[in-house]
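See below for the structure under consideration.
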Amino acid sequence: MWRLETTSDHGGATLLVVSLPNQQVGPFIQSLDGLDEVRITLIPRGVVAFHPPAEDAPDEVTDVGMRSPIEVFLAGLQSIGSWTGFIGYAIAAGVVVWIGLFTNTIYLLTASMLIAPFAGPAMNTAIGSATGNARLLRRSVLRYGVGLLITATAAGLLSLLMGQQIATPLMVETSQISTVSILLPLVAGAAGALFLVQSERDSLVSGAAVGVLVAASLAPPTGLVGMSVVLGDWPFVKSALFVLVAQLVGINLSGALTFRAFGLETRGTRFLQGTKWLFPAALAVSAVVLVGLFAWQLSDPPELQRSSRAQRAAFEIRQAVDESGLGEPVEVEARFTRAQISGQNTLLGVVYVQRADSVRMERAAMAQALTRRIQGRLLDQGFDVSPLVSVTVLDPPPARDDG
């Protein structure tokens with residue numbers, strides 16, 4: 001609903017209340033651009049409209065339209081808010097993510113995603129790109145960078161005050177990146193944009209859930225940056241910064257494209273008068289940076305591929321045990337330890353093998369033979385790691401004598 005108020009030359013005022021479908025709001029505002037002394041108040045409310053005949057009411061209720069582009073744009077501007085609240089939430093997110101990483105408490109990482117104020121600037125960056133609004137784009141990128149810096153600083157100061165000396169297991173796990181992790185910001189940007197353009201009653205997904213999706217790979221690596229700088233663990237810093245940059249450009253790329261698909265453009269009402277070339281330029285920069293990050297990730301094994309390569313290593317270990325003919329793999333775990341130990345990339349393999357019935361080799365000799373076979377296979381497959389493998393040989397229980 002729009003509230004339109006005009007003032008005549010004689011000092012009188014005319015109040016006009018207009019109810020319009022969402023998609024007609026922009027053209028209506030644009031048609032009023034030539035009028036002077038017009039004040040417009042937007043009162044966005046979801047309504048359920050019924051029209052005769054009554055038997056058509058169920059079909060009319062399900063006809064829910066998207067938000068108007070002008071409403072999405074103005075909502076993005078409103079969400080910028082004050083710096084005080086933004087900084088407060090950024091500090092709180094840094095404290096919570098530090099506690100989670102320091103105490104190895106996973107659910108606290110989820111809590112930090114809920115309160116981290118990064119989803120707003122990330123989505124506003126996409127809105128600024130889609131509408132060609134340089135001011136919104138500049139302010140959103142600035143808030144994004146300041147928020148990350150504050151959260152990382154809060155986590156780093158806590159590590160410094162507590163005298164932290166080594167990385168925790170959860171820090172190691174957070175630093176490990178998969179080759180498919182670059183898809184997450186693309187999905188998050190599209191999902192966030194879709195939520196913002198949908199009307200109030202047209203989405204079963206809450207804003208908090210979408211915000212967590214957008215911030216899923218932001219709060220933990222941001223805290224990791226601050227803590228790793230204090231520890232001097234620069235490989236951790238590199239992996240975390242890789243994620244943070246990929247998030248921003250990925251969300252901007254998919255989010256801006258989604259907004260454009262739903263009507264946000266550089267030209268429209270007096271509010272939507274952006275720079276026409278800014279949209280393709282922002283998309284080109286985002287795409288180039290995203291492709292560059294992916295190429296860097298593939299060219300730098302295993303630093304930026306630890307999660308994916310650990311899964312592949314587990315598969316290769318199983319293959320090595322199967323082909324040995326000495327037994328069957330019961331359980332296989334492969335994971336990277338700290339980013340660097342004496343300058344090496346250490347892959348730790350823990351393997352439980354059930355001895356084959358026909359094998360009479362001693363346990364120690366069998367474990368040693370399997371260890372050498374596994375290490376050799378991993379090196380032959382091009383894993384640029386130092387594989388440290390622990391093999392435990394297990395014997396099946398003796399057959400029961402039913403007699």
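Restricting the range 362-385 to residues that are crowded, with 18+ Cβ neighbours inside 10 Å and aliphatic (A, V, I, L, M) leaves a set whose member that is nearest to Ile317 (Cα to Cα) is Ile374. In the set (1) in a helix (DSSP H, G or I); (2) closer than 14 Å to Leu370 by Cα, Glu328 fails one condition alone, (1). Taking the conditions exactly as written (over 22 Å from Pro169 (Cβ atoms), modelled with pLDDT under 90 and touching a strand residue (DSSP E or B) at 6+ places or on another chain (Cβ under 9 Å)), does Ala367 satisfy them or not? Judged against the criteria, Ala367 is not a match. Out of all the residues in the range 217-233, is one or more at pLDDT below 90, under 18 Å from the mean Cα position of the chain (by Cα) and not in a helix (DSSP H, G or I)? Scanning the range 217-233, I find at least one residue that is at pLDDT below 90, under 18 Å from the mean Cα position of the chain (by Cα) and not in a helix (DSSP H, G or I), so the answer is yes.
The values are calculated or read from the model by the stated rules, or taken from the named source; none is laboratory data. Note that the structure is predicted; figures quoted are calculated from it, not measured. Note that we place each Cβ from the backbone using ideal geometry, even for glycine, and neighbour counts take in every protein chain shown.
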